[in-house]
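Note sheet for the following structure.
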Amino acid sequence: QFGATLTGPVRKDTTFFLVSFEALRDRLSETQVDNFPDERARLGFPDANGNPTIEIHPRIPRYLALYPLPNSTPLRDGIREHRSTVFLPTNEVFFTTRLDHKLSDRDSLFVRYTFDDATSFDAGSSSVFQTKARSRRQYATLVGTHILSLASLTTFRLGYTRPTIHEDSVGSVATPEELYFIPGAP
């Protein structure tokens, strides 16, 4: 995480500026634990002669092939844990600019603009499918103040807010289009 802030006068005793920048680069990795069918379950629990004891529909093995074979602790017949390292990077850029101006001894105003852009990954419910989140937030504010007396003042505010968030499912394996549940879907 790094950044800087710069502030100072534009015009002595009347106009001041502020610029602030911050960035974040988080490189998180974590162990994901999933439960997947083991090789015996994928083959229909073969008997001693290698014949399946449970019939598996011919289309199912292609879907099962999308998931890795488990590599850890057996849980129950046909299900085992799969442990894998999942890389979950986060990138963020944030900056603010502000300008303060004194119009008179009783009147002042300021304008501020804030921008925040971020991308992050979430492991989700399975290491095979992650969620990529992208967000962009923008805020603009204009505030004017008039001092009526030592006991009262009036302020007007005008603001603009535009937050956007997009989330996409990101597979770590390529899914052939013929396996899509909805033809033509992304």
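The values are calculated or read from the model by the stated rules, or taken from the named source; none is laboratory data. Nothing here was measured: the structure is a model prediction, and the numbers come from that model. Cβ sites come from the backbone with ideal geometry, for glycine too, and all protein chains shown count toward neighbours. Heavy atoms of the whole protein, side chains included, go into the accessibility calculation; ligands, DNA and RNA do not. Shrake-Rupley method; radii C 1.70, N 1.55, O 1.52, S 1.80 Å.
For the stretch 2-45, the residue among 5, 35, 24 whose Cα projects farthest onto the positive side of the dipole built from Cβ charges is 5. Rounded to the nearest 20 debye, the dipole magnitude of the chain is 800 debye, with +1 charges on Lys and Arg beta carbons, -1 on Asp and Glu beta carbons, and the Cα centre as origin.
Each other residue within a Cβ distance under 15 Å of residue 78 adds +1 if Lys or Arg and -1 if Asp or Glu, for a net charge of -3. Using a 1.4 Å probe on the protein chains only, how many percent of the accessible area of the chain belongs to carbon and sulfur? Roughly 56 percent, rounded to a whole number. Computed on the chain, with alpha-carbon pairs under 8 angstrom and 6+ residues apart, the relative contact order is 18 percent.
Normalised by the number of residues in the stretch 83-186, the mean separation of alpha-carbon contacts (under 8 Å, six or more apart) gives a relative contact order of 22 percent. With protein chains left intact and a 1.4 Å probe, residues in the stretch 43-186 average 69 Å² of accessible area per residue.
One chain, two ends: residue 62 and residue 1. Fully extended at 0.36 nm per residue, the span grows by 17.6 nm beyond their Cα-Cα distance. Within the full protein context, the accessible area of residue 106 is estimated at about 120 Å² for a probe radius of 1.4 Å. Only helices enter the 222 nm calculation for the chain: every DSSP H run of n ≥ 4 contributes -39,500 (n - 2.57), and dividing by all residues gives -1000 deg cm²/dmol, rounded to 500. For the stretch 9-66, the relative contact order comes to 16 percent (Cα pairs under 8 Å, sequence separation of at least 6).
Placing pseudo-labels 7 Å out from each Cα toward the beta carbon at residue 137 and residue 31 gives an inter-label distance of 3.4 nm. With each pseudo-label sitting 7 Å past Cα toward Cβ, what's the residue 162-residue 72 distance in nm, one decimal? For residue 162 paired with residue 72, the spin-label model returns 4.4 nm. Converting phi to 3J(HN,Hα) with the Karplus coefficients 6.51, -1.76 and 1.60 and the offset θ = phi - 60°, the stretch 148-165 yields 7, 7, 5, 9, 8, 8, 10, 9, 10, 10, 9, x, 9, 10, 9, x, 9, 9 Hz in sequence order, with x at every glycine or proline. Report the Cα centroid-to-centroid distance between the stretch 1-58 and the stretch 155-186 in angstrom, as an integer. A separation of 15 Å, based on Cα centres. Label-to-label distance for residue 103 and residue 54 is 7.6 nm, based on points extended 7 Å past Cα in the beta-carbon direction.
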